[in-house]
Amino acid sequence: MAANTPWTRLRVEREGAIATVTLDRPEVLHALDTVMFDELERAFAELSADASVHVILLTGSGERAFAAGADIRALTQTDASSGRAASERGQHVFLQIERCGKPVIACVNGVALGGGCELALACTFRIASERAKLGLPELKLGLIPGYGGTQRLPRLIGRSAALRLMLTGAAVDAAEALRLGLADEVVPAGELMSRGRAIAESIAAMAPLAISAALRAVARGEGLPLEEAMQVEAEIFGELCGTADKREGLAAFLEKRAAKWGGT
């Protein structure tokens, strides 16, 4: 898809160091069809490559939905081969979001079910409106979560709690999502985006190279034995010690002034 192609499923806005990606297919509660996946892939490729963007907010337009899930009508046409391809496509796009090198904050403003919940799980963390409902109801359709949900959810909230949500198909409200660790914070509906932006601004004030390095250290160290993971940490720490931003950060601290990051 060409870089200048108009968005049909998203709105992508940049303000300072913060970008906001808004799913914008309200007539079907932002259901994830092939065009939506294409546009998400394009949006996050562009934002990942844009050095002026330090943090990304991801939400759905309106107050009813973050994303209601996969396009059910499209799923009715799948067989074993095309179903696997559809799962792998969603997994690829969500991995791209997870690994874009910048924090992605999901602002969950309504229902986040099935693929919509899996999209939120691919983000760095999740802020939920008091009206939010999250769940993985795919077993009710004779399916399982196919965009990474069976793998990310247990890693986030634990095996037992994740299996209970999947096997019952239950959707949880914002308070229960917070208790489980599925949401990191719950705020009144009218404050969701302002709170997301406030957190994004606090992150964007940090050194951009250090932001991406912290994400990289955690991602590379996950699943490794502790001593190997700490070697990864030392390697990345050493890389940062050779940067101009490290010199600027230490000088600014000693001189009691705000740092001016150059991203080098």
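The values are calculated or read from the model by the stated rules, or taken from the named source; none is laboratory data. All figures in this text were calculated on a predicted structure; none of them were measured in a lab. Reconstructed Cβ throughout: ideal geometry from the backbone, glycine too, with neighbour counts over all protein chains shown.
Details
- Residue in segment 94-105 that is over 18 Å from L47 (Cα atoms) and assigned by TED's automatic domain parsing to the domain that holds R42 present: no
- One residue alone among I72, I97 is without any contact (Cβ under 8 Å) to a residue 60 or more places away in the chain and out of contact with any Ser or Thr (no Cβ under 6 Å at 6 or more places or on another chain), and that residue is I97.
- Of the candidates A171, A183, A175, the single residue that is free of Cβ contacts under 8 Å to residues at least 60 places away in the same chain, touching a strand residue (DSSP E or B) at 6+ places or on another chain (Cβ under 8 Å) and under 30 Å from I144 (Cα atoms) is A175.
- Looking only at segment 24-40, and only at residues there that are touching a Lys or Arg at 6+ places or on another chain (Cβ under 7 Å) and of a type in the set (A, V, I, L, M), the one that is farthest from I199 (Cα to Cα): V35
- Qualifying residue in segment 40-51 (condition: farther than 16 Å from V93 by Cα, assigned by TED's automatic domain parsing to the domain that holds G101, in contact with a strand residue (DSSP E or B) (Cβ under 8 Å, 6 or more places away or on another chain) and of a type outside the set (A, V, I, L, M, F, W, C)): yes
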